[in-house]
Amino acid sequence: VKALGMSAVACTDHGNMFGAVAFYSAAKDRGIKPILGVEAYVAPGDRTDRTYTGSGDGGYHLVLLAMNQKGWENLLYLCSEAYLTGFYFKPRIDRALLEKHSDGLIAINGHLGSEIGDLLLEYERSQDKKYWDRAVDAAKWHAKTFAKDHGGDGEERFNIELQHHIHEQNTNQPHLIKLAQLLKLPHDADTDSHFLRKEDHDAHDTLV
């Protein structure tokens, strides 16, 4: 990251922050701003429900980033509860936890594995308006939970994520943009970054 001239970097591992301290120290040592976060798994219902459905049991993806000390403390609490009370296939949180521990956190709705992304995929496939309506309701809930005037020091705290990797993401783009415009939510254009240089591909491929 330093060699490529970047000034800040986030670490958002799936469901945990086990690497946070080493990551933070390494970034600080190199004069790079570290952004602490997690790509959380959010249960579709109560995190303590262990009913097997065969689909989505690991939860929806939601990126959470700490804005300040309170956000960091909430990240620690959420990730701990995900393992202690929510683990089922994956360490999961739920809406009830997020409503109580969203202060100081920025939320990014997540890729195709997110609640909103999943609903919009179903809408694109079926053209059934009920999926669009459910996506709007989900976005409204997230916008309310991560309102900029509630623990955000006046900054926007819920962002609609746009990615450009595969066909399904590209077909979702117009729906995501429409959703953001409808609810006056900011866009966050990003990309999955699992390694930075092409020569690192083999190491990542081996890990997978």
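Things worth noting here:
- Set 207, 179, 196, 183: member being touching a Lys or Arg at 6+ places or on another chain (Cβ under 8 Å) and of a type outside the set (D, E, K, R): 183
- Taken as a whole, the condition of being closer than 24 Å to residue 58 by Cβ, part of a helix (DSSP H, G or I), out of contact with any Phe, Trp or Tyr (no Cβ under 6 Å at 6 or more places or on another chain) and not β-branched (Val, Ile, Thr) applies to residue 172.
- Which numbered condition residue 18 misses (of (1) hydrophobic (A, V, I, L, M, F, W, C); (2) out of contact with any strand residue (DSSP E or B) (no Cβ under 7 Å at 6 or more places or on another chain); (3) crowded, with 18+ Cβ neighbours inside 10 Å): (3)
- The single condition among (1) of a type outside the set (A, V, I, L, M); (2) open to solvent by 40 Å² or more (accessible area, probe 1.4 Å); (3) assigned to a helix (DSSP H, G or I) that residue 155 does not meet is (3).
- The lone exception for residue 132 - which of (1) exposed (fewer than 11 other Cβ atoms within 10 Å of the Cβ); (2) touching a Phe, Trp or Tyr at 6+ places or on another chain (Cβ under 7 Å) it fails: (1)
- In this structure, residue 112 does not satisfy being assigned to a helix (DSSP H, G or I) and touching a residue at least 60 places away in the same chain (Cβ under 8 Å).
- Residue check: residue 106 meets all listed conditions (1) outside any strand (DSSP E or B); (2) in contact (Cβ under 8 Å) with a residue 24 or more places away in the chain; (3) touching a Lys or Arg at 6+ places or on another chain (Cβ under 6 Å) but one, namely (1).
- Answer residue from the stretch 21-43, given it is of a type in the set (Val, Ile, Thr) and open to solvent by less than 20 Å² (accessible area, probe 1.4 Å) and is farthest from the chain's Cα centre (by Cα) among those: 32
- Pick from the stretch 35-66, criterion modelled with pLDDT of 95 or more, in contact with an Asp or Glu (Cβ under 8 Å, 6 or more places away or on another chain) and assigned to a loop (DSSP other than H, G, I, E, B), ranking: farthest from residue 12 (Cα to Cα): 46
- Test: residue in the stretch 19-34 that is part of a strand (DSSP E or B) and among the β-branched types (Val, Ile, Thr): no
- In the stretch 49-96, the residues that are of a type in the set (D, E, K, R) and surrounded by 14 or more Cβ atoms within 10 Å (Cβ to Cβ): 49, 57, 70, 73, 81, 90, 92, 94, 95
- Test for residue 1: is it open to solvent by less than 60 Å² (accessible area, probe 1.4 Å) and within 25 Å of residue 168 (Cα to Cα): no
The values are calculated or read from the model by the stated rules, or taken from the named source; none is laboratory data. What you see is a predicted model; the values in this text were computed from it and never measured. Please note: Cβ atoms are built from the backbone with ideal geometry, for glycine as well, and neighbour counts cover all protein chains shown. To get the accessible areas, we keep the full protein, side chains included, count just its heavy atoms, and leave off ligands, DNA and RNA. Shrake-Rupley method; radii C 1.70, N 1.55, O 1.52, S 1.80 Å.
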